[in-house]
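The values are calculated or read from the model by the stated rules, or taken from the named source; none is laboratory data. Remember, predicted model here, so these are calculated numbers, not experimental data. All Cβ positions, even for glycine, are placed from backbone atoms using ideal geometry, and neighbour counts span all protein chains on display. Side chains included, ligands, DNA and RNA excluded: accessible areas come from the protein's heavy atoms. Shrake-Rupley method; radii C 1.70, N 1.55, O 1.52, S 1.80 Å.
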Amino acid sequence: MRVLVSGGAGYIGSHTVLALLDAGHDVVVVDDFSNSKPTVQGRLEALSGKHVPFHAFDLTDADKTEQLFVHEQIDAVIHFAGFKAVGESVSEPLRYYQNNLDATFSLLRAMQRSGVSKFVFSSSATVYGENAPVPYQEDYEYLSASSPYGQTKVVIERVLSDVAAVHEGWKVALLRYFNPVGAHPSGQIGEDPQGIPNNLMPFIAQVAVGRRERLTVFGDDYPTADGTCERDYIHVMDLAEGHVAALEHLGDLAEPVRAFNLGTGTGTSVLQMLHAFERATGKELPYEVGPRRAGDLAAFWADPARANTELGWRATRTIDEICADTWRWQSANPQGYPGA
Ligand code: WQD
């Protein structure tokens, strides 16, 4: 299939582009580079040996989006593009709702007009909110995220359900990620957050490469084995392969829309991740324990059984592989991707 990947220059998007090409699909990328760099295109073409057309514009421009579907033959869409900083979404909710929803609306209208009916959506475990029983299961109905960012995912999932229900033949997969980490084993593509990383793994990697002085562990008094929060960290290559599996199984869906957890089903603590990274680098990494971060939950992870059985997909890469691949990327690219 020829797949339009929105946000394909981003962290998960770029890895998914590679997985799609490896699986024999063709890819077209649209990205406005608001949180990524054009350098990624060259890295993807070098790694895949294939041309990867990039269209640089903002998907909230409905006319440009429609023109893209007129000029490019597209069979399916995988939609990553969107603002995703939890903290920023709290201070700028309207900007987040407008951007994330309008970009999705542009894509859906263009799909309607051009007869494209396959859609894979980059959703998030954050839709389960703060009260879902662990491990999280897809049939949990009380979806309500604790941040405007997460709520855009809840709303878009609902929009997709309502739109797919009235369009004959539409098939939509809602992929709820847990904590994406790691990098392609080549070390040529990886996570490149702009500014101070919000997330654990890139922060640890920047400490290891000397960009940050030390890690602050946000609380060690949680009701967990070592007192630090536990999360379901999934290798981005496992995640990317999960998108290919979902795309290729869309035709098998009995319903127009179906949600899938993409996780390992296992929790790992902050300190366990830090020490795994020390093993990968052979260095002792400095850290201090600070206060809890507002909004953090103590522990959650996926029940991935539905994706395992219905998509024939399973996360296989270990925490040690995650750290080794992350370190290979970060040490080869200490400042992330070059260029503005
Ligand atoms: C993991 C753990 C922190 C940084 C976030 C988003 C979620 C999703 C995945 C998009 C927590 C601790 C972190 C640090 C620390 N993104 N930590 N020191 O919060 O589970 O999920 O990313 O869908 O929407 O909320 O991931 O990596 O920020 O934190 O101690 O410098 O690491 O307290 O326990 P989180 P995270």
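Read through the list (1) among the small types (Gly, Ala, Ser); (2) within 15 Å of the ligand (Cβ to nearest atom); (3) in a helix (DSSP H, G or I); (4) surrounded by fewer than 22 Cβ atoms within 10 Å (Cβ to Cβ), then give the number of the only condition that Ala205 fails.
Among (1) among the small types (Gly, Ala, Ser); (2) within 15 Å of the ligand (Cβ to nearest atom); (3) in a helix (DSSP H, G or I); (4) surrounded by fewer than 22 Cβ atoms within 10 Å (Cβ to Cβ), the lone unmet condition for Ala205 is (4).
Looking at the stretch 178-190, which of its residues are within 16 Å of the ligand (Cβ to nearest atom) and open to solvent by 10 Å² or more (accessible area, probe 1.4 Å)? Break it down stepwise before answering.
Filtering the stretch 178-190 for residues within 16 Å of the ligand (Cβ to nearest atom) gives 178-183, 190.
Within the stretch 178-190, Phe178, Asn179, Pro180 meet the criteria.
For the structure I just gave you, tell me whether Leu200 is over 16 Å from Ser331 (Cα atoms), in contact with a strand residue (DSSP E or B) (Cβ under 6 Å, 6 or more places away or on another chain), near the ligand (Cβ under 8 Å from one of its atoms) and modelled with pLDDT of 95 or more.
no
In this structure, is Val166 open to solvent by 30 Å² or more (accessible area, probe 1.4 Å), more than 24 Å from Val289 (Cβ to Cβ), free of Cβ contacts under 8 Å to residues at least 40 places away in the same chain and not charged (D, E, K, R)?
Answer is yes for this residue.
Among the listed residues Gly282, Gly210, Gly219, Gly265, which satisfies the condition of being more than 23 Å from Ile156 (Cβ to Cβ) and open to solvent by less than 10 Å² (accessible area, probe 1.4 Å)? I'd like the intermediate steps shown before the answer.
On the way: Gly282 fails: open to solvent by less than 10 Å² (accessible area, probe 1.4 Å); Gly210 fails: open to solvent by less than 10 Å² (accessible area, probe 1.4 Å); Gly265 fails: open to solvent by less than 10 Å² (accessible area, probe 1.4 Å).
From the options Gly282, Gly210, Gly219, Gly265, the qualifying one is Gly219.
So, in the stretch 72-98, how many residues would count as being open to solvent by 10 Å² or more (accessible area, probe 1.4 Å) and either farther than 21 Å from Glu191 by Cβ or acidic (Asp, Glu) (or both)? Show your work before the answer.
So the first thing to find is which residues in the stretch 72-98 are open to solvent by 10 Å² or more (accessible area, probe 1.4 Å), and the list is 72-75, 80-88, 90-95, 97-98.
Right, trim to either farther than 21 Å from Glu191 by Cβ or acidic (Asp, Glu) (or both) and you get 72-75, 88, 90-95, 97-98.
So the answer is 13.
Does Gly295 satisfy the criteria of being closer than 25 Å to Ala85 by Cα, modelled with pLDDT under 95 and within 11 Å of the ligand (Cβ to nearest atom)? Spell out how you get there, then give the answer.
Numbers: closer than 25 Å to Ala85 by Cα: yes; modelled with pLDDT under 95: yes; within 11 Å of the ligand (Cβ to nearest atom): yes.
Yes; evaluated as a whole, the condition is true for this residue.
Give the residues of the stretch 111-145 that are among the acidic types (Asp, Glu), farther than 21 Å from Ala85 by Cβ and open to solvent by 50 Å² or more (accessible area, probe 1.4 Å), sorted by residue number.
Scanning the stretch 111-145 gives Asp139, Glu141.
Taking the condition in contact with a strand residue (DSSP E or B) (Cβ under 8 Å, 6 or more places away or on another chain) and over 29 Å from Lys171 (Cα atoms), does Gly267 pass? Spell out how you get there, then give the answer.
Working: in contact with a strand residue (DSSP E or B) (Cβ under 8 Å, 6 or more places away or on another chain): yes; over 29 Å from Lys171 (Cα atoms): yes.
When the stated conditions are applied, Gly267 passes them.
Across the stretch 297-340, what is the number of residues that are within 19 Å of the chain's Cα centre (by Cα) and in a loop (DSSP other than H, G, I, E, B)?
Count: 13.
Considering (1) in a loop (DSSP other than H, G, I, E, B); (2) within 15 Å of the ligand (Cβ to nearest atom), say which one Leu239 fails and leave the rest.
Single failed check for Leu239: (1).
Before we move on, is Ala315 surrounded by 19 or more Cβ atoms within 10 Å (Cβ to Cβ) and in contact with a strand residue (DSSP E or B) (Cβ under 8 Å, 6 or more places away or on another chain)? Steps first, answer last, please.
Working: surrounded by 19 or more Cβ atoms within 10 Å (Cβ to Cβ): yes; in contact with a strand residue (DSSP E or B) (Cβ under 8 Å, 6 or more places away or on another chain): yes.
Criteria met by Ala315.
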